[in-house]
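The values are calculated or read from the model by the stated rules, or taken from the named source; none is laboratory data. All figures in this text were calculated on a predicted structure; none of them were measured in a lab. Every residue, glycine as well, gets a Cβ built from its backbone with ideal geometry; the counts of neighbours run over all protein chains shown. What goes into the accessible areas is simple: the full protein's heavy atoms, side chains included, and nothing from ligands, DNA or RNA. Shrake-Rupley method; radii C 1.70, N 1.55, O 1.52, S 1.80 Å.
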Amino acid sequence: MKKLELFIPDRRLDEVSEILRDAEIIGMSHHRIEGRGKVKAEAVSVGRGTMRYKPEFIPRTKVEVIVKDEKVEGLISVFRDKLGDNIGGKLFVINVEKAMDLSTGNSDENAI
């Protein structure tokens, strides 16, 4: 099993959800976060438009999903094709050693 962590612009959440739904991935978590990286924040108007402020951190959405090993490469390819543009984003793949559904007691791939 693998954990996919995607760091994407907020407006891309619906696209990611649709990609996962099409791949028959049932569970997904997302969190609103802020961070900095290669893409720089644009200046915004503050104080009734009299001043400009350039924020240090950019709002992003972090999506976490656990998938079976055989689905990882296909998902990476689809994410790259549909989300790979100059807007930015990152995808990380992390090994998951153990999983358990606390309600049913199912473990590992049966838990997801």
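Picking from 112, 87, 94, which residue would you name as being on the phi < 0 side of the Ramachandran plot, hydrophobic (A, V, I, L, M, F, W, C) and open to solvent by less than 50 Å² (accessible area, probe 1.4 Å)?
87
Which ones in the stretch 21-34 are outside any loop (DSSP other than H, G, I, E, B) and loosely packed, with under 13 Cβ neighbours inside 10 Å?
Across the stretch 21-34, the qualifying residues are 21, 22, 29, 31, 32, 34.
Could you grab me the full set of residues in the stretch 38-54 that are surrounded by 10 or more Cβ atoms within 10 Å (Cβ to Cβ) and either assigned to a loop (DSSP other than H, G, I, E, B) or of a type outside the set (Phe, Trp, Tyr) (or both)?
Across the stretch 38-54, the qualifying residues are 39, 40, 41, 43, 44, 45, 46, 51, 52.
Determine whether residue 18 is closer than 22 Å to residue 78 by Cβ and exposed (fewer than 10 other Cβ atoms within 10 Å of the Cβ).
Answer is no for this residue.
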